[in-house]
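Accompanying notes for the structure given below.
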Amino acid sequence: KPQLVASNDRFCRFLEEYCPVVTETYYPTIWCWEGRVQTLLRPFITSRPQVRYRNELIKTADGGQISLDWFDNNDSSYYPDASTRPTILLLPGLTGTSKESYILHMIHQSETLGYRCVVFNNRGIAGEELLTPRTYCAANTEDLETVIHHVHSLHPSAPFMAAGVSMGGMLLLNYLGKTGRDTPLMAAAIFSAGWNVFESIESLEKPLNWLLFNYYLTTCLQSSISRHRQMLEKLFDMDLVMKARTIREFDKQFTSVMFGYRSIDDYYEDASPCRKLKSVGIPVLCLNSVDDVFSPGHAIPVETAKQNANVALVLTSCGGHIGFLEGIWPRKCTYMDRVFKQFVQAVFEHGNKIFSM
């Protein structure tokens, strides 16, 4: 069974009643139970539900633009009135977009419940042009604040929550730690977040993990900015950036410089959500596997979570990073998908029972 960590008895009872999947035994797929195998195979095994998006480009205060992909769910029979249709903001991982299979699965789950979704694509990553020499990072929440304000202003009467995956979860946690209760979001769900960036990077730099994940992700980061080389060369030595062979080297030469940090350590400290967890002011459910090489089990802030009544951690012993595969042939639905579906439904339909905490 997963370990449920929550200091608030009311929140615990709420989850046990309306999100019972967090108390059920999780049986990982028997032939790929190891965390790294789950992480590697999930993108290839799980299906890719068909989703038709409506794209919207919004402007930022510094002259940039952000690409949002909307799934309006106008055929919703449960919520035919678009003005009050529950809305979920989805935040993909480090180099992810609205096309990731885990995002498509979240939208598929939301569609069956009648909800609307909008995917926040980080700057310059979803095919749109960079209008300024700036991309994104896990610590800077300005673009996320812009998106949340924009979505809420379009549908001020609609119940509104967010879900973040991996770096998207880190960004969402950092935003919540900054804003406390001063947010239009009712609640949030976080999946496979890296809680302590120093520990995550150290884990990813171990030889096997570097070979399987670190080098590949570094090349993905380089690929995501190479299309914008002409714009970014105004501020960066792009030849040096493109020589990076680890995420740490990329962040040292590019990310930390872009956002004005004195050192890579200053950036990693600011980007680590464990430092801001005590300030989260709305109900948050966080799912992690303790065998996730991107977020080592020993770095999950269990004691800090116990000090905030708004926070619940669900920790599985297996599942890897955004894996959580279950069943003999885990193509259609993962344990993570079930946690997402039950929690968003619980919040939108029974949330008044935890908001008086």
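The values are calculated or read from the model by the stated rules, or taken from the named source; none is laboratory data. None of the values given here were measured: they were computed from a predicted structure. Heads up, the Cβs are rebuilt from the backbone with ideal geometry, glycines too, and the neighbour counts pull from every protein chain shown. The accessibility values were calculated without ligands, DNA or RNA, using every heavy atom of the protein model including side chains. Shrake-Rupley method; radii C 1.70, N 1.55, O 1.52, S 1.80 Å.
Taking θ as phi - 60° and the Karplus parameters 6.51, -1.76 and 1.60, the scalar couplings of segment 166-176 work out to 6, 4, x, x, 5, 4, 5, 5, 5, 5, 5 Hz in sequence order, x denoting glycine and proline.
Measuring only protein heavy atoms, the 1.4 Å probe finds Asp143 accessible over about 20 Å².
Annotation: per residue accessible area for the chain equals 41 Å², rounded to a whole number [probe 1.4 Å, protein chains only]. Heavy-atom accessible area with a 1.4 Å probe sorts Trp210, Trp70, Trp329, largest first, into Trp329, Trp210, Trp70.
Of all beta bridges that DSSP places with both ends in the chain, some 40 percent have antiparallel geometry. When the residues His108, His350, His149 are ordered by accessible surface, computed with a 1.4 Å probe over the protein chains alone, the sequence from largest down reads His149, His108, His350. A helix-only calculation puts the chain at -9500 deg cm²/dmol for mean residue ellipticity at 222 nm, using -39500 (n - 2.57) for each DSSP H run of at least four residues, averaged over all residues. Taking Lys and Arg as +1 and Asp and Glu as -1, the other residues whose beta-carbon sits under 14 Å from that of Leu104 total +3.
Rounded to the nearest Hz, the phi-derived 3J(HN,Hα) couplings of segment 184-191 under the Karplus curve 6.51 cos²θ - 1.76 cosθ + 1.60 (θ = phi - 60°) are x, 6, 7, 6, 8, 10, 10, 10, where x marks glycine and proline.
Summarise the accessible area of the chain (1.4 Å probe, protein heavy atoms) by the percent that is carbon and sulfur. In the chain, the share of accessible area belonging to carbon and sulfur is 52 percent. Report the chymotrypsin sites (Phe, Trp or Tyr not before Pro) located in segment 269-357 that are in a DSSP loop and have at most 15 other Cβ atoms inside 10 Å of their Cβ, or state none. Of the chymotrypsin sites (Phe, Trp or Tyr not before Pro), the ones in loops of segment 269-357 whose Cβ has at most 15 other Cβ atoms within 10 Å are Phe355. With the largest listed first and rounded to whole Å, the semi-axes of the equivalent ellipsoid of the chain from the Cα gyration tensor are 29, 24, 20.
Measuring between alpha carbons in the structure, the pairs from Lys243/Lys276; Lys1/Lys306; Lys59/Lys206; Lys306/Lys332; Lys252/Lys306 lying more than 31 angstrom apart are Lys243/Lys276; Lys59/Lys206; Lys306/Lys332; Lys252/Lys306.
Ordering Cys274, Cys32 by accessible surface, largest first, gives Cys274, Cys32; the 1.4 Å probe counts only protein heavy atoms, with every chain in place. Taking each residue as 0.36 nm, the span from Lys99 to Thr219 lengthens on full extension beyond its C-alpha to C-alpha distance by 41.3 nm. Among the protein heavy atoms, those of Asp182 account for about 130 Å² of accessible surface (1.4 Å probe, every chain in place). Rounded to the nearest 10 square angstrom, Thr132 shows an accessible area of 20 square angstrom against a 1.4 Å probe.
Taken along the Cα-to-beta-carbon direction at a fixed 7 Å, the label points for Thr25 and Asp72 span 4.7 nm. For the chain, averaging the sequence separation of C-alpha pairs within contact (under 8 Å, six or more residues apart) and dividing by the residue count gives a relative contact order of 27 percent.
The distance between label points at Leu235 and Gln3 comes to 4.0 nm (points 7 Å beyond Cα on the Cα→Cβ vector).
If the viscosity is 1.306 mPa s and the temperature 10 °C, what Stokes-Einstein diffusion coefficient in µm²/s follows for segment 133-197 when Rh is the Kirkwood radius over Cα pairs?
After rounding, the answer is 129 µm²/s.
Karplus-derived 3J(HN,Hα) values for segment 148-163, using 6.51 cos²θ - 1.76 cosθ + 1.60 with θ = phi - 60°, are 4, 4, 5, 5, 5, 5, 6, 9, x, 9, 8, x, 9, 9, 9, 9 Hz; glycine and proline are entered as x. May I ask for the distance between the Cα centers of segment 101-124 and segment 168-190, given as a whole number of Å? Cα centres, segment 101-124 to segment 168-190: 18 Å.
Ordering Trp33, Gln307, Leu173 by the projection of their Cα atoms onto the charge dipole of the chain, which places +1 on the Cβ of Lys and Arg and -1 on the Cβ of Asp and Glu, puts Trp33 at the extreme positive end.
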